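Worksheet for the structure shown next.
Computed from the coordinates by the stated procedures, all read-outs in this text should not be read as laboratory data. The structure presented is a predicted model; accordingly, all values stated were derived computationally and were not measured. Note that each Cβ is placed from the backbone with ideal geometry, even for glycine, and that neighbours are counted across all protein chains shown.
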Amino acid sequence: MSSRRDPIGKSAKRWIKRYRRYREVGTALNHKIIDALVDGDVIEVAARALGLGAHGQLILDSEDELSVLMDFALYEVRQEGKSLVEIYREQHGGVNHTERVLLDAMVEARTGLFLVEDIDPTRHFLTLRDVIGQREPLYLVDINFSRTVWSGLFFFFRPIQVEDFVMTSGAAFLFLGDVERRLRRTWEKAKNSADRYVRFFKLSKRIGVPATFV
């Protein structure tokens, strides 16, 4: 582990319990938003943008690409200038405190490019450094990634900040450290958030490190 402040300390069990609770509620909340607001038109827009199909037909290389499609639909397909996450919060809100905390965090979430600096597989968190913006180090809690990735990788994902840690929004694109210049150029070429997401997704299909979202 690095010398920077340990965000967990001795409370690892409570930390993981909180994470599991947020992840469980967040997964259910995503399904609620999809059921309420995602229709054929939304899927068509998302699929066309990502190159995953058109005319009502999806062409997916893996089940994980369905997670990418839904992530893009919820956060990047905009209606009257608002994401589906924003619309859901306005129209429905959360039914309890945890849902409300998550909805607020989801509305504020923005994609970023991060370098994995440290991994603690026993406590399931990764220390990430923002290589584009000026954000403080992030502590990503993810049981799968803490066991399967390694320091020096780049992550493109949308951090969902809850309390003192972050979770993924449901999808992430991983790249080897020797392609940093290409990643930076890809970031700089993007016209907006949706375009950036599409560019990194397509780049991940060409040179990305395979990842499984669970």
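Using only the Cα atoms of the range 73-133, build the gyration tensor, take square roots of its eigenvalues as a ≥ b ≥ c, and label the shape rounded, prolate or oblate: rounded if a/c is under 1.5, else prolate if a/b is larger than b/c, else oblate.
oblate
Tell me, what does the Kirkwood hydrodynamic radius of the range 28-110 come to in angstroms if you use every pair of distinct C-alpha atoms?
Details: mean 1/r = 0.0756 Å⁻¹.
The Cα-based Kirkwood calculation yields 13.2 Å.
Tell me which lysines have Cα within less than 25 Å of LYS17's Cα, excluding those fewer than 8 residues away on the same chain?
Counting by Cα, and skipping residues close in sequence, LYS17 has these lysines nearby: LYS32.
Which whole-Hz ³J(HN,Hα) couplings does the range 60-73 yield from phi under the Karplus relation 6.51 cos²θ - 1.76 cosθ + 1.60, θ = phi - 60°, glycine and proline marked x?
10, 7, 7, 5, 4, 5, 5, 5, 5, 4, 5, 4, 4, 4
Taking a 25 Å limit on the Cα-Cα distance, which of the listed pairs LYS82/LYS189; LYS82/LYS205; LYS82/LYS191 fall beyond it? Write down the numbers at each step before the final one.
On the way: LYS82/LYS189 23 Å; LYS82/LYS205 28 Å; LYS82/LYS191 17 Å.
Too far apart for the 25 Å limit: LYS82/LYS205.
Using the beta-carbon distance between GLN91 and ASP164 and R0 = 35 Å, what value does 1/(1 + (r/R0)^6) give for FRET efficiency, to the nearest 0.05?
Working: r = 30 Å, r/R0 = 0.85.
After rounding, the FRET efficiency stands at 0.70.
Given axes a ≥ b ≥ c from the Cα gyration tensor, I'd like to know whether the range 146-190 is rounded (a/c under 1.5), prolate (a/b larger than b/c) or oblate.
On the way: a/c = 2.55, a/b = 1.42, b/c = 1.80.
In terms of gyration-tensor shape, oblate.
Give the Rg/Rh ratio for the chain, taking Rg as the radius of gyration of the Cα atoms and Rh as the Kirkwood radius, to two decimals. Mind dumping the intermediate values first?
Values: Rg = 16.9 Å, Rh = 17.8 Å.
Rounded to two decimals, Rg/Rh equals 0.95.
Using the alpha carbons of the range 112-207, what is the convex hull volume per residue in cubic angstrom, as a whole number? Display every interim value, and only then the final one.
On the way: hull volume 9.3 nm³, N = 96.
It comes to 97 Å³ per residue, whole-number rounded.
What order do you get for 55-61, 126-132, 170-176, 14-20 when each peptide is scored by the mean count of other beta carbon atoms within 10 Å, highest first?
Details: 55-61: 10.1, 126-132: 18.4, 170-176: 20.0, 14-20: 15.4.
The peptides rank, most packed first, as 170-176, 126-132, 14-20, 55-61.
Nearest 20 debye, what's the magnitude of the dipole of the range 88-214 about its Cα centre given +1 on Lys and Arg Cβ and -1 on Asp and Glu Cβ? Let's see the in-between values first.
Numbers: 19 positive and 16 negative charges, 175 e Å.
In total the dipole reaches around 840 debye.
Pulled fully out, how much extra length does the chain show between VAL131 and GLU180, if you take 0.36 nm times their separation in residues and subtract their Cα-Cα distance?
Full extension from VAL131 to GLU180 adds 16.7 nm.
Tally the DSSP beta bridges in the chain and give the antiparallel ones as a percent, rounded to 5. Don't skip to the answer; put the middle values down first.
Values: 27 of 28 bridges.
Roughly 95 percent of the beta bridges in the chain run antiparallel, per DSSP.
Give, in nm to one decimal, the length gained when the segment between LYS205 and LYS32 is fully stretched (0.36 nm per residue of separation minus the Cα-Cα distance).
This chain segment gains 59.4 nm when fully extended.
Return LYS202, LYS13 ranked ascending by Cβ neighbour count within 10 Å, so the fewest neighbours appear first.
Values: LYS202 14, LYS13 10.
Lowest count first: LYS13, LYS202.
Sum -39500 (n - 2.57) across every DSSP H segment of at least 4 residues in the chain, then divide by the residue count to get the 222 nm mean residue ellipticity, nearest 500. Mind dumping the intermediate values first?
Working: 8 runs with 101 residues, N = 214.
Value at 222 nm, helices only, nearest 500: -15000 deg cm²/dmol.
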